[in-house]
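The values are calculated or read from the model by the stated rules, or taken from the named source; none is laboratory data. Note that this is a predicted model, so its numbers are computed, not measured. When we count neighbours, we look across all protein chains shown, and the Cβ atoms used for this are built from the backbone with ideal geometry, even at glycine.
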Amino acid sequence: MRNRPDYLAHGILALGVVLFALPVWLVVAGSTQDSNAIARGELSLLPGSSGLSVYWRVLTQGTMGTEPVWHMLLISLGMALAIAVGKIAISVLSAYAVAFFRFPFRQIAFWLIFITLMLPVEVRIIPTYTVMADFGLINRFNGLWIPLIASATATLLFRQVFVAIPDELVEAARMDGAGPLRFLRDIVLPVSAANIAALFVILFVYGWNQYLWPLLVATNPNLDTIVIGIVKMIGVETQTDWSAVMATAVLALLPPVIVVVVMQRWFVAGLTEGEK
C-alpha cells in the first residue's frame, strides 16, 4: 500500500518555517525601505525602492557615529574564531588528561570543572573583569576572548567521547610505542573529528553573539563588535536610521549562516553519532 503523505507533519513544518523566516524577511525587506516610513510603523513585506545601496553605505561608512560595519564584522569574526578554537583546544586537552591519565585528585579536578556549570555568567563577571584589569587587558582585543576560552561543557562532552574509546585500542597504541602526544594526534583527534566540528559551529555562534562581556571590557569604539554596533546604531528612536540598522542586522547574520551551511554535514554527524 502506498504511503500517504503526513499532512499534519508537513503543515507543522511549514508553520515553523514561516515563523522563523518571516522576521528575517521583514528585516531584509526593511533594509531597502525608507527609514522614516519604518519609524512611522509602515514596514512593508515587499522590498522598497532604495535597493541595496544602504548595504554599501553601512559597510564603508557606518551610521549614527559608529565604526564602518566591515570593521565591526572583522572584530566579531576574530573574537568568534578565537573563542571557538581556544575552547576546543583547552577542552580537548583537559578532557584528555582526565580520561587517560592517572594522577592524584583527578576526579576532584573533573568535578571542580563540572561544578562551574552551575555558576551563571553574572556571578563570574566582576571577578573576571578584575583579573583582566590587573593584566592590563581592558580595551584590548585579547581581553575580548581570553576569559571566554575555558568551557566546562565542552570538557564534559569531550570526556564522554574519550571514555568511549575501547581499552583495547589504548593498549594496542601503548604496545606500538605511541606516547601521549602521538596517541592524541593519531587516535583521539581523528575519532573526535565530527564532535570537534559540531562544537566549533556551536562555539562560533556563541562567540559571535557575545554582548555583555564586550560591552564591559571594551569601551573603545575601535573594538566594537557587530552586536554592540547594532545597539549603538539604534540610539534615540526618533533619530534612528532603521534601514541601516536592518541592513547591518542582515550582514551580521551572514557569517554564522555561512559557517552552519558549510559545516552542516559534520555538525549533524557530531550531534548524532553514537559511541565510537
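Across the range 210-222, the number of residues qualifying as in a helix (DSSP H, G or I) and either at positive phi or over 18 Å from the mean Cα position of the chain (by Cα) (or both) comes to 4. Residue pairs whose Cβ atoms lie under 8 Å apart, sitting 6 or more positions apart in sequence or on different chains, and linking a residue in the range 226-252 that is of a type in the set (K, R) to a partner that is modelled with pLDDT under 85, are K232/M64; K232/G65; K232/T66.
Per the listing R2, R40, the residue uniquely surrounded by fewer than 11 Cβ atoms within 10 Å (Cβ to Cβ), modelled with pLDDT under 85 and closer than 16 Å to D241 by Cβ is R40.
Being of a type in the set (A, V, I, L, M, F, W, C) and either under 25 Å from L251 (Cβ atoms) or modelled with pLDDT under 85 (or both) is true for just one of F183, F158, F162, F200. Which residue is that?
Within the list F183, F158, F162, F200, the selection yields F200.
Filtered by the rule that a residue be crowded, with 16+ Cβ neighbours inside 10 Å and farther than 15 Å from P214 by Cα, the range 82-98 gives A84, V85, G86, K87, I88, S91, V92, S94, A95, Y96, A97, V98.
Quick one: which residue in L212, L156, L203 is surrounded by fewer than 14 Cβ atoms within 10 Å (Cβ to Cβ) and either touching a helix residue (DSSP H, G or I) at 6+ places or on another chain (Cβ under 7 Å) or hydrophobic (A, V, I, L, M, F, W, C) (or both)?
L212
Within the range 184-194, the residues that satisfy the criterion of being closer than 16 Å to A99 by Cα, assigned to a helix (DSSP H, G or I) and out of contact with any Lys or Arg (no Cβ under 8 Å at 6 or more places or on another chain) are L184, R185, I187, V188, L189.
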